[in-house]
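Notes for the one structure printed next.
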Amino acid sequence: MQNYVVVFAGAGFGGMLRYWMSSAAYKILPEDFPFGTLSVNLLGSFLIGMFMFYLNDNELISAEMRIFLTRGLKMFWLQILYLTILLQP
């Protein structure tokens, strides 16, 4: 049950970060293409990969934190798939 709570917290935190970054991207870039989503995915994937590699390589991360970072924050991929389907003509 504890893993479900960790995933829930990670998904909520990731959602707030996605919203903030997407809003910032649309202040700079046009809204006719989902640049906010693209920027969130590119930067988020890069940062989580680097962060997880460092923590795992130095054995500084617990199993619960790994679940929080990789499963909870990864829920945006499902949202991206849904958005892609909605944008199809």
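Just so you know, all these numbers are worked out from the coordinates, no wet-lab data involved. All of these numbers come straight from a predicted model, not from anything done at the bench. Don't worry about glycine lacking a Cβ; one is built from the backbone with ideal geometry, like all the others, and counts go over all protein chains shown.
With only Lys, Arg, Asp and Glu charged, each at its Cβ (+1 for the first two, -1 for the last two), find how big the charge dipole of the chain is about the Cα centre; round to the nearest 20 debye.
120
Ordered by residue, what ³J(HN,Hα) values in Hz, to whole numbers, does the range 4-10 give under the Karplus form 6.51 cos²θ - 1.76 cosθ + 1.60, where θ = phi - 60° and Gly and Pro are x?
For the range 4-10, the Karplus curve yields 5, 5, 5, 5, 4, 5, x Hz.
How much length is gained if the chain between residue 84 and residue 67 is pulled fully straight, taking 0.36 nm per residue apart and subtracting their Cα-Cα distance, in nm to one decimal?
3.5 nm
Rounded to the nearest 500 deg cm²/dmol, what is the calculated helix-only ellipticity per residue at 222 nm for the chain, with -39500 (n - 2.57) per DSSP H run of length n ≥ 4?
Counting only the DSSP helices, I get -25000 deg cm²/dmol.
Take the Cα radius of gyration of the chain and divide it by 2.2 N^0.38 Å, with N its residue count; two decimals is plenty.
Here the Cα radius of gyration is 1.21 times the empirical estimate.
Would you be so kind as to identify which of 39, 83, 14 lies farthest towards the positive end of the dipole of the chain, taking Lys and Arg as +1 and Asp and Glu as -1 on Cβ and the Cα centre as origin?
Of the listed residues, the answer is 83.
When ranked by the protection proxy of mean other Cβ atoms within 10 Å per residue, highest first, what sequence do the peptides 52-59, 31-38 form?
31-38, 52-59
Note down the nm distance, to one decimal, between modelled labels 7 Å out along Cα→Cβ at residue 51 and at residue 8.
2.1
Output ³J(HN,Hα) for the range 33-49: one whole-Hz value per residue in order, computed from phi by the Karplus curve 6.51 cos²θ - 1.76 cosθ + 1.60 with θ = phi - 60°, and x for Gly and Pro.
9, x, 5, x, 5, 4, 5, 4, 5, 5, 5, x, 5, 5, 5, 5, x
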